[in-house]
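What follows is a single structure, written as structure tokens, with notes after it.
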Amino acid sequence: MVAGSSERNLAARELFAPLAGTYDRYARLLSFGQDPRWRAFLVSRIEARPVHVILDVATGTAAVALALARRYGCRVVGVDQSPEMLAEGRRRAETAGLGASIELREERAEELPFEDASFDGLTFTYLLRYVDDPGATMRELARVVRPGGRIAMLEFCVPRRAVPRAAWEAWVRLGLPLAGRVVSPGWGEVGRFLGPSVRAFCERTPPGRLQALWEEAGVDDVRGRLLSLGGGIVMWGTRGG
Ligand SMILES: C[S@@+](CC[C@H](N)C(=O)[O-])C[C@H]1O[C@@H](n2cnc3c(N)ncnc32)[C@H](O)[C@@H]1O
């Protein structure tokens, strides 16, 4: 376990431990195939070059790390607090022939063991719902990126328009818990947890508040795009000088 872990960190570790081997297949299925499309847009915001080193935080099974290395030919350091997810990520990177370009390490986003400005860019996916203080974590992420480096994030969102919102509520209240239970006990837990977790995060941290957290962390020119009728959001910006 990574030193300094909080109750929330431990709960997230327990949630992801049983999912690692099936994560990619079911994450895609349970998001109606949207997940890979969202990640591709996230990766396109980074605009890396082959000489760059990008940090991917909450890398999980390395889906974003793999996409970054494939698209830009850059080096990627991926960090995550789940050893099980990282083990699956290492297996995937080796299978893809990208083991030499992707280094995966067990670390917590709240306390990164890197010097200031060590990376040319940074991505993080589905992370801020799992930390106690999103503002402090945002400052820690921005700290390790050099001035001028790109930062990009992907997170779930609650659609705001009435019809997509009603469909979203039906899916997270009924469809997802049922589908999760059918797959496995671990995915059953995800099915129960995900809707309330996303709803609570979006109420506390709507896109305007999220943008303010980024700006307070020293990220300039912050932009966001809602995806799939507002079910996902990609936010990106540039580390200030
Ligand atoms: C939903 S998964 C996303 C994985 C991957 N980025 C993707 O796109 O599929 C969320 C990941 O966040 C990790 N995580 C949660 N809290 C974390 C923290 N405080 N520090 C580092 N990783 C964390 C979990 O272990 C899990 O692998």
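The values are calculated or read from the model by the stated rules, or taken from the named source; none is laboratory data. Every value quoted in this text rests on a predicted model; they were computed, and no experiment measured them. Backbone-built Cβ (ideal geometry, glycine too); neighbour counts: all protein chains shown.
Things to note:
- Pairs, first among the acidic types (Asp, Glu) in region 122-143, second modelled with pLDDT of 95 or more and within 11 Å of the ligand (Cβ to nearest atom), C-beta under 9 Å, six or more apart: 132/110; 133/110; 140/109; 140/110; 140/111; 140/112
- Scope region 1-46; condition in contact with a Leu (Cβ under 9 Å, 6 or more places away or on another chain), in contact (Cβ under 8 Å) with a residue 60 or more places away in the chain and part of a helix (DSSP H, G or I); matching residues: 20, 26, 30, 34, 37, 38, 39, 41, 42, 43
- For region 207-241, a residue qualifies if it is in a loop (DSSP other than H, G, I, E, B) and within 16 Å of the chain's Cα centre (by Cα), and exactly one does: 231.
- Region 35-46, residues that are within 12 Å of the ligand (Cβ to nearest atom) and surrounded by 16 or more Cβ atoms within 10 Å (Cβ to Cβ): 35, 38, 39, 42, 43
- Scan of region 91-105 for residues that are assigned to a loop (DSSP other than H, G, I, E, B) and either aliphatic (A, V, I, L, M) or touching a His at 6+ places or on another chain (Cβ under 7 Å) (or both), ordered by number: 96, 98, 100
- Test: residue 73 is more than 13 Å from the chain's Cα centre (by Cα) and over 29 Å from residue 223 (Cα atoms): no
Yes/no per residue for (1) more than 14 Å from the ligand (Cβ to nearest atom); (2) part of a helix (DSSP H, G or I); (3) surrounded by 24 or more Cβ atoms within 10 Å (Cβ to Cβ):
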position: 48; (1), (2), (3): yes, no, no
position: 51; (1), (2), (3): yes, no, no
position: 64; (1), (2), (3): no, yes, yes
position: 68; (1), (2), (3): no, yes, yes
position: 78; (1), (2), (3): no, no, yes
position: 84; (1), (2), (3): no, yes, no
position: 89; (1), (2), (3): no, yes, yes
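- Test: residue in region 18-30 that is farther than 20 Å from residue 192 by Cα, within 13 Å of the ligand (Cβ to nearest atom) and under 15 Å from the mean Cα position of the chain (by Cα): no
- Among residues of region 105-149 being in contact with a Leu (Cβ under 8 Å, 6 or more places away or on another chain) and β-branched (Val, Ile, Thr), the one that is farthest from the ligand (Cβ to nearest atom) is 145.
- Selection count, region 150-162, where residues are in a loop (DSSP other than H, G, I, E, B) and away from the ligand (no atom under 16 Å from the Cβ): 4
- Residue count for region 38-57, restricted to those that are touching a helix residue (DSSP H, G or I) at 6+ places or on another chain (Cβ under 9 Å) and within 9 Å of residue 121 (Cβ to Cβ): 6
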